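Inspection log for the structure reproduced underneath, given as structure tokens.
The values are calculated or read from the model by the stated rules, or taken from the named source; none is laboratory data. Keep in mind the model is a prediction, meaning the values are calculated, not measured. All Cβ positions, glycine included, derive from the backbone under ideal geometry; neighbour counts span all protein chains shown.
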Protein chains: 4
Amino acid sequence: MGSTPQARRGDTRQRIQDVALELFGEQGYEKTSLREIAERLEVTKAALYYHFKTKEDILISIFQDLARPLDELLDWGRGQPRTLETKQELVRRYSLALENALPLFRFMQQNQAAMSHLRPGETLKDRMLAMSDLLRDPEAPLTDQVRGLSALFVMHTAQFAMQHLEADPEEKRKAILEVALDLLAQANAREKPGASEAPDAPNIPDTPDAR
Amino acid sequence: MGSTPQARRGDTRQRIQDVALELFGEQGYEKTSLREIAERLEVTKAALYYHFKTKEDILISIFQDLARPLDELLDWGRGQPRTLETKQELVRRYSLALENALPLFRFMQQNQAAMSHLRPGETLKDRMLAMSDLLRDPEAPLTDQVRGLSALFVMHTAQFAMQHLEADPEEKRKAILEVALDLLAQANAREKPGASEAPDAPNIPDTPDAR
Amino acid sequence: MGSTPQARRGDTRQRIQDVALELFGEQGYEKTSLREIAERLEVTKAALYYHFKTKEDILISIFQDLARPLDELLDWGRGQPRTLETKQELVRRYSLALENALPLFRFMQQNQAAMSHLRPGETLKDRMLAMSDLLRDPEAPLTDQVRGLSALFVMHTAQFAMQHLEADPEEKRKAILEVALDLLAQANAREKPGASEAPDAPNIPDTPDAR
Amino acid sequence: MGSTPQARRGDTRQRIQDVALELFGEQGYEKTSLREIAERLEVTKAALYYHFKTKEDILISIFQDLARPLDELLDWGRGQPRTLETKQELVRRYSLALENALPLFRFMQQNQAAMSHLRPGETLKDRMLAMSDLLRDPEAPLTDQVRGLSALFVMHTAQFAMQHLEADPEEKRKAILEVALDLLAQANAREKPGASEAPDAPNIPDTPDAR
DNA sequence: TATGAATGAGCTTTCATTCAT
DNA sequence: TATGAATGAAAGCTCATTCAT
């Protein structure tokens, strides 16, 4: 429906991933049966097995596609100097990445359990920890490390928690990003004398143009 | 082994919940079979049905037990004036609650999907949103609302993200709490002129006894 | 049909084995589906899984039951002196065992492939080789070793090859046994000088009551 | 590897048979899937269907190739007088045939079940019975008939049973052949007085009362 | 307060086979 | 002389659930 059989030729693999992404995101991996996926695509279960070796294979292939932008961001981050500017840029890019990756993150959250026994290094958790390692300074006081981490996680959870708030999505994203950058600045206030030198300047800069 | 058959008398219901909590937390609700639970308890599957009507019943019963402290905290919060102090106290108590509720929160996170179709008002998400409504001021600028929410969520995610950091757990908890209270203070800086206007009063109180 | 549900209580496991033995023997293990077995028993497939963990488990359990008499014979043989008399007795007992074990040997022959990857020591082949080691003298000339082995195998193959001969089964068995004992005697003729050197002493003892 | 794509031109049919022979011999017909065969040949399953109409067709084609030498031997035997000499020659030729036909006999043994429902006259069993009819004299006493049959079957089973014996294969074959010829001679002792009455009577006495 | 025995529905996966290209 | 893409049927197996005892 909506696409003729002819139009489907050659894109079945992609269509399987799309439908699976959607269903795994809605119901979770375990609850979603291959029958369900096949029916929605109007193909047989066996057709799925022409394109993927196992059900888990579908999961993995989706995950890898979704994780690629994140991996690229991590690679970029690792190649940069560990300055505040780098961190800010990481957070900004991450925020943008999140914007149109919401479905995947729904998918991830729903399927943590299913993916936790994949090969190490293959999970979202690994990526998140790698990311937070770029944002946090192991020498800094614990509170500042927490702020570094939080800059990252706030972007996830806030986006989620504000879903039901009726405000312009872009407004929301910017507000969240501002808070994240704020946390980052606070986390680095002490080690950046140039920024914190104003005698009574609060360790929270007013970030007038945070974006 | 570890508990004699005699010792088991009469506490089977509790033992089922304990084992289920553990397995649901590790593998997720869908992936955990009643056979597995029964085997670990060295009883038959049929025995589980003496104590619970369905598998979902086990899930619900666990959830309700775990949610009770949170519900009490919410009730308390709703009865208090909507002041910064109340919010701070909410966050402090929540932090303490989290401390020994980690297994359950693992359980919740793993099983969001499984519980999302329970009766509305029965989910963790509902509780979290209720909680964040107590911490956020709908009149305030978006950024400050984000800070309010974040005070709450930071406690979850940071605790999780710092799991692999080898530092005293209590130290970690305090550092996280401090950041959470910080966010709360910043969120309320503008609407609490009395607190933030003092020229040298940092908007981050030093919370010397934050605990 | 033929047995009421009540009468079946408690003997399902045995009935599964019986039917499986029959079908595995007729069609082979791979070709026989659990559905087929279940249908013939008028139970569901799931019922089979209450009694056996896997399909292979059914195969193994049948095999072990069938192999027991053979194992006992082997044990007996190992405890006896390695004399001609012992060997003759082994062959005689083996012949008797074969008599009412024909269905199982059909089963074995049909399912060699299916059982060849069982745990070593678990196969019929292992038993046969152990048996032939009791009948063969590694010091003897090759031809005599062949005769020793053949005494054993002749009993299998001849019984099979004469199936379509219309003669009294007991007559056939005795004829086959006689040939087997013959081979045995010939195999041991040289190493039993006392028995074979007497000018007119036949190297085939008169075993008057061979049965 | 081992054969370049060029070298493969035009011999695909043969290569399919070779691989199938090997896999059917190792795992049995039912357990071997067309996918497995195709993968090993690095072609697609569909390619198999260009060369053979069905899976069973592959089985049959292999069988027919393998059975041809046997059929020729049978034809030759049927054209000869039913003398001891003929029988001896049959056995000698059969022994030689077996020598480099071991893989096929493995194949046959593994796949008796699979082939038992082929058109009658198409099975190995049929050939074996035809062969044994040439070696056995229906008028002779049962014991002698058994000896006739055994001359044939001994060659199969002994070869198999001596696989793990570390001796020169040719030595083994000769020893087995000798025993087979021996059995044949004994089987025909009575009806061929000229052959057995010679003064230097063989070590096979006429076993007058063996029963 | 449990167990033994079973069921019906559904699961993931594999199979031999087909056919347009 | 093949391949890519698919199918219909069936396989082995697991699951939550039931019920007489």
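Looking for something surrounded by fewer than 21 Cβ atoms within 10 Å (Cβ to Cβ), within 12 Å of chain D (Cβ to nearest Cβ), under 23 Å from C:LEU21 (Cβ atoms) and without any contact (Cβ under 8 Å) to a residue 40 or more places away in the chain - is there at least one such residue anywhere in region C:140-156?
no
Of A:ALA67, A:ALA20, A:ALA38, which residue is more than 16 Å from DNA strand E (Cβ to nearest atom) and surrounded by 15 or more Cβ atoms within 10 Å (Cβ to Cβ)?
Just one listed residue meets the conditions, A:ALA67.
Mind checking which pairs have a first residue in region D:30-56 that is within 10 Å of D:ILE16 (Cα to Cα) and a second that is part of a loop (DSSP other than H, G, I, E, B) and within 10 Å of DNA strand F (Cβ to nearest atom), Cβ under 7 Å, 6 or more apart or different chains?
So the pair list comes out as D:ALA38/D:THR44.
Just to be sure I understand, how many residues within region D:79-104 are buried (at least 18 other Cβ atoms within 10 Å of the Cβ) and modelled with pLDDT under 80?
1
Go through region D:8-17 and count every residue that is away from DNA strand E (no atom under 13 Å from the Cβ) and in contact (Cβ under 8 Å) with a residue 24 or more places away in the chain.
4
Would you pick out the residues in region B:18-29 that are without any contact (Cβ under 8 Å) to a residue 60 or more places away in the chain and more than 14 Å from chain A (Cβ to nearest Cβ)?
Residues satisfying the conditions are B:ASP18, B:VAL19, B:ALA20.
Is it fair to say C:ARG40 is of a type outside the set (Phe, Trp, Tyr), near DNA strand F (Cβ under 9 Å from one of its atoms) and not in a loop (DSSP other than H, G, I, E, B)?
For C:ARG40, the condition - of a type outside the set (Phe, Trp, Tyr), near DNA strand F (Cβ under 9 Å from one of its atoms) and not in a loop (DSSP other than H, G, I, E, B) - is not met.
Given (1) away from DNA strand E (no atom under 16 Å from the Cβ); (2) surrounded by 19 or more Cβ atoms within 10 Å (Cβ to Cβ), where does C:TRP76 come up short, assuming only one miss?
(2)
Residue by residue, here is whether (1) at pLDDT below 90; (2) in contact with a Ser or Thr (Cβ under 6 Å, 6 or more places away or on another chain); (3) within 20 Å of B:ARG82 (Cβ to Cβ) holds:
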residue	(1), (2), (3)
B:PRO141	no, no, yes
B:GLN145	no, no, yes
B:VAL154	no, yes, no
B:ILE176	no, no, no
B:ASN188	yes, no, yes
B:SER196	yes, no, yes
B:ASP200	yes, no, no
B:ILE204	yes, no, no
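Within region A:163-193, track down each residue that is facing chain B (nearest Cβ under 9 Å) and not aliphatic (A, V, I, L, M).
Residues satisfying the conditions are A:HIS164, A:GLU171, A:LYS172, A:LYS174, A:GLU178, A:ASP182, A:GLN186.
Which residues, counting only those in region C:45-58, are within 13 Å of another protein chain (Cβ to nearest Cβ), more than 6 Å from DNA strand F (Cβ to nearest atom) and not charged (D, E, K, R)?
Passing the criteria: only C:TYR50.
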